[in-house]
Every structure is written in C-alpha cells, then in structure tokens.
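Here is the structure we will look at, set down as structure tokens.
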Amino acid sequence: MDKFILRGGEPLLGTVHISGAKNAALPCMAAALLTDQPVILENVPQVRDIQTTRNLLAAMGAEVELGYGRAQHRTSIHCATLNAPEASYELVKTMRASTLVLGPLVARCGHARVSLPGGCAIGARPIDLHIKGLEKLGAKITQEHGYVEASTGRLKGAEIVFDKITVTGTEDLLMAATLAEGETILQNCAREPEVADLAALLNKMGAKIEGAGTPTIRIKGVSKLKGAKHRIIPDRIEAGTFIIAGAMTGGDLNIAGCDPTHLDALLSKLHEVGVKTKCTADSVRVMGDNPFTATDMSTEEHPGFPTDCQAQFMALATQAEGTSIITENIFENRFMHAQELVRMGANIKIEGRRAVVRGKTPLSAAAVLASDLRASASLVLAALVADGETIIDRVYHIDRGYEHIEEKLKGVGAQIRRIGEMFPKKAAAVR
Ligand code: EPZ
C-alpha cells in the first residue's frame with residue numbers, strides 16, 4: 001500500500017490547478033446508461049473512483065474509453081447494448097456511489113440488480129430513499145442476498161418528497177424520471193452544484209428538467225435520450241482543500257480553475273477565522289500567515305458548509321487561537337481523522353456529533369493512518385505544518401478523489417513524496 005512521506009514547514013507558493021469534480025463526473029458517467037448513443041465527458045479527474053465507474057459500466061456491456069492526455073481528461077461512454085444491467089458487490093463495496101446506476105438501469109432496461117452498498121467509514125449510508133423514490137415511479141423492488149432487484153414496465157411520473165436531503169438520491173431519481181411517462185416533481189432535493197451539473201448534461205441529452213439546484217425539480221419524461229458532450233464542473237472540495245492548505249502553511253497560493261461561487265459557505269467561515277482571500281471569476285488566491293482565531297462550524301447541506309470539507313477545517317482549527325466547536329450534521333461517524341490529529345499533538349475532544357478543538361497547538365510529525373477520502377486530506381494538511389516528517393499510510397483513500405495530489409503539492413513547494421508498490425521504493429530524495 002502506498003504511503004506519503006511529508007516534511008512540514010514549507011509555505012505553499014504559486015498556482016495549483018483544480019481538476020474536474022469527482023462527484024459530478026460519477027453521476028454524469030451513470031447518465032450515459034440512459035441512451036444508446038455515445039456520451040462524451042471532458043475535464044474528468046484522473047482518480048480511482050472514475051476508474052471504478054469505468055469498470056462498472058464496462059461490466060454491463062458499455063464501451064468506455066478513458067483518455068488523459070494533456071488536453072483531454074475525457075471519457076467517451078457508449079451504452080449501445082447493456083447485456084448485464086447489474087452492479088456486483090465486488091465493485092459496489094469499493095465505491096458506494098455505484099448505486100447511481102440503479103435509477104438509470106431501471107429506466108433504460110426495465111430491470112436492475114445492484115448490490116446494497118453496505119456501510120463505510122463515515123456512516124451507515126443507507127439507500128432507502130433511492131428505493132422509496134423508484135417505487136413511487138412504479139418500480140417493483142425486492143432486497144435479498146445483499147442485492148436490490150428492481151423491475152418495471154415504463155416508469156410513471158410521480159410527485160416525490162425526499163424525507164431527508166440526499167445528493168445521490170436526488171441524482172438517481174432525477175435520472176430515472178427523465179425516461180418516465182409524464183411529469184415527475186421531486187421535492188426537498190439536494191442543491192449541490194453537482195446536481196445542477198448532472199441536469200445540464202441530461203438536458204443536452206434531450207431531457208426536460210427545470211429547477212435543478214433548487215429544492216424542487218420538475219422533469220417531463222421523454223421516450224428517448226440522445227448522446228451529448230459535456231464539460232464537468234471544477235471540484236469545489238479539492239479547491240477548498242487547497243485553500244485551507246495555503247492558509248495553514250502561511251503561503252501565497254493561487255487556486256486556479258475553480259468556481260468561487262460554489263465555495264460561499266466555506267470562504268465566509270474561513271474569513272471568520274482570519275484567512276485572507278482574493279477571488280476572480282475562476283480562481284481564489286489565499287495569502288499570508290496572519291494568526292487564526294477559533295470559530296464554531298456546523299456542516300449542512302449545500303449551500304451550507306460542506307461536510308466534505310469538515311475534516312480539512314478541523315485541521316485548520318487546531319492552528320486557531322481559542323476553542324472551535326465543530327458539529328457534523330450529515331454523517332454519524334465522520335470524525336475518524338480527529339484521533340490521528342490528536343496523535344500529532346492536536347487537542348480535540350469528541351462528544352457525539354460535536355468535536356471540541358482547542359488551539360493553537362503545535363503539531364509534530366507522526367506515522368498516521370488514512371481512514372477515508374476526506375480524513376486523509378486533513379492528515380496531509382496537518383503534515384504540511386507539522387514539525388518533522390509525517391508518514392501517511394493507506395493513501396489509496398486519497399487517490400479515490402484527489403488527482404495527483406502529491407504532484408500538485410510538490411509543484412507549490414511542499415516536501416512530499418509517495419512510496420509504494422506502484423512507485424519506486426526510494427523515490428527521489430525530498431528537496
Ligand atoms: C454524496 O454522498 C457525496 N458523494 C458525498 O461525498 C457527500 O459527503 C454527501 O453527498 C453529502 O454531501 C457523491 O456525490 C458520490 P447523501 P451521498 O445521500 O449521496 C442519509 C466524498 O467525500 N441518507 O446526501 O451518499 C445519509 O445516511 C463523498 O466525496 C439516508 O438516510 O450522501 C446521510 O446521513 C463522501 N437514506 C445523509 O442522508 C438515503 O437513501 C446525506 O447523505 C440516502 C441518504
């Protein structure tokens with residue numbers, strides 16, 4: 001298993017370029033199942049979850065090409081015929097977002113067999129709301145041997161109110177409704193930018209969707225969708241991660257190719273802490289090593305503070321004077337990074353959904369373990385300011401959602417190297 005070796009103390013200086021959003025690319029790839037024409041996606045990030053989705057679609061009979069040349073980062077997906085509309089446990093257990101194929105498969109093929117995702121490090125992650133919504137659209141659904149089996153004639157439009165706001169639940173039902181007979185109204189929808197990006201692709205494919213990005217989405221079903229070409233939006237979570245990295249290291253970092261309008265809640269919270277930023281239409285510059293002051297933060301659905309930046313914010317809070325109370329409202333177990341930060345010298349107490357962080361505490365290098373995608377990012381941030389060389393193990397977690405993060409960090413002055421099977425045991429010595 002690959003590891004990162006990271007020597008702290010260097011301010012990040014220069015420009016880092018943000019990749020396409022993993023959480024927009026995944027539903028957009030699943031959307032290709034809805035048509036027998038080719039769908040071409042650009043600005044697709046080169047991350048493990050994209051490769052997993054490629055394998056999942058190919059196993060169903062789709063032709064999937066992934067190209068990562070300089071100008072490319074594109075994938076072309078052609079689901080002319082789907083001879084196996086199913087997602088196996090082997091694949092789903094590595095990426096629960098595989099459940100995004102459920103809605104499109106039921107709508108396109110009239111049946112689907114998708115493994116239940118099972119839990120993951122951050123929580124139970126049920127998909128009961130996906131299933132309830134598909135039943136409202138007329139699908140017959142059974143669950144046995146760890147699989148969801150769905151079958152239907154043509155889905156019928158319905159009015160669906162989500163009991164809880166769910167991002168992939170909204171996306172799953174949005175995709176299924178595009179081919180349903182009649183109109184579907186989805187209420188209490190997720191408003192994340194990735195939902196709007198998926199709707200933009202679906203409308204290019206001939207769907208009739210209004211209101212994506214708001215709590216109420218109306219879909220007029222059509223009988224067929226066509227192929228389309230679409231550029232994936234920038235990854236707001238990767239951008240947020242690098243903004244916090246620039247702030248914590250007291251650097252002067254330009255985060256280019258992002259969309260600051262997707263980052264309002266994060267930027268306003270960082271300004272409360274004392275982080276100074278300057279935005280243009282497609283970049284955020286974070287400057288200076290002014291002292292940080294503690295503030296409270298609660299994660300909320302978009303446009304609130306994103307849960308996917310909670311771990312990264314906690315790393316920053318360890319360097320802020322005073323007590324920060326961080327409340328995680330979305331997932332029941334998303335503080336796995338806290339104990340690793342404590343091993344590096346942080347002062348954090350977990351009380352249920354709240355983490356009480358007392359700063360500022362100097363951090364010292366340690367051997368730490370990544371547990372999930374965003375927890376790993378917070379360990380990288382802590383290592384960037386820790387005294388000495390931190391070893392982060394199981395970095396495959398971070399490879400799921402960050403494209404070449406060590407190359408991007410090295411490019412702006414971080415002393416980081418990767419060691420592991422896929423890379424020479426003794427990588428070039430840290431500069
Ligand atoms: C999406 O996950 C993202 N993944 C997650 O990003 C993100 O953390 C999450 O939304 C919240 O923003 C993708 O988009 C691929 P939810 P998702 O359904 O859709 C409960 C990352 O780091 N719920 O919005 O699975 C659920 O348990 C990942 O990139 C039900 O109860 O999250 C949770 O408490 C991690 N029943 C809450 O809703 C359901 O049927 C929100 O979950 C569905 C969800």
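Quick notes on this structure:
- Relative protection proxy for 150-158, 311-319, from highest mean packing down: 311-319, 150-158 (other beta-carbon atoms within 10 angstrom).
- Expected 222 nm ellipticity per residue - DSSP helices of 4 or more, -39500 (n - 2.57), all of the chain, to 500: -8500 deg cm²/dmol
- Whole-Hz Karplus values for segment 186-191 come out as 9, 10, 6, 7, 5, 10 Hz, taken residue by residue from phi with 6.51 cos²θ - 1.76 cosθ + 1.60 and θ = phi - 60°; glycine and proline positions read x.
- DSSP beta bridge pairing in the chain, given as percent antiparallel to the nearest 5: 70 percent
- Computed from phi, the 3J(HN,Hα) profile of segment 194-204 under the Karplus parametrisation 6.51, -1.76, 1.60 (θ = phi - 60°) reads 5, 5, 5, 5, 4, 4, 4, 4, 4, 5, 5 Hz, with x in place of Gly and Pro.
- Taking Lys and Arg as +1 and Asp and Glu as -1, the other residues whose beta-carbon sits under 12 Å from that of Arg113 total -3.
- With K and R counted +1 and D and E -1, the other residues having a Cβ less than 10 Å from that of Gly227 yield a net charge of +2.
- Remark: segment 166-175, residue by residue, has Karplus-estimated 3J(HN,Hα) of 10, 5, 6, x, 4, 5, 4, 5, 4, 5 Hz, where x stands for each Gly or Pro and the curve is 6.51 cos²θ - 1.76 cosθ + 1.60 at θ = phi - 60°.
- When Ser76, Ser298 are compared by accessible surface with a 1.4 Å probe, the order from highest to lowest is Ser298, Ser76.
- Placed amide H near Ser298: partners under 5 Å, 5+ positions off or other chain: Thr327
- Taking Glu328, Glu272, Glu192 as the candidate residues, the one with maximal mean-square fluctuation in a Gaussian network model of the chain, Cα springs under 10 Å, is Glu272.
- Positive minus negative residues near Leu129 (Lys, Arg vs Asp, Glu; Cβ under 12 Å): -1
The values are calculated or read from the model by the stated rules, or taken from the named source; none is laboratory data. Only a predicted model underlies this, so the values are computations on that prediction, with no experimental measurement involved. Cβ coordinates were reconstructed from backbone atoms using ideal geometry, including for glycine residues, and neighbour counts include every protein chain displayed. Accessible surface areas use protein heavy atoms only, side chains included; no ligands, DNA or RNA. Shrake-Rupley method; radii C 1.70, N 1.55, O 1.52, S 1.80 Å.
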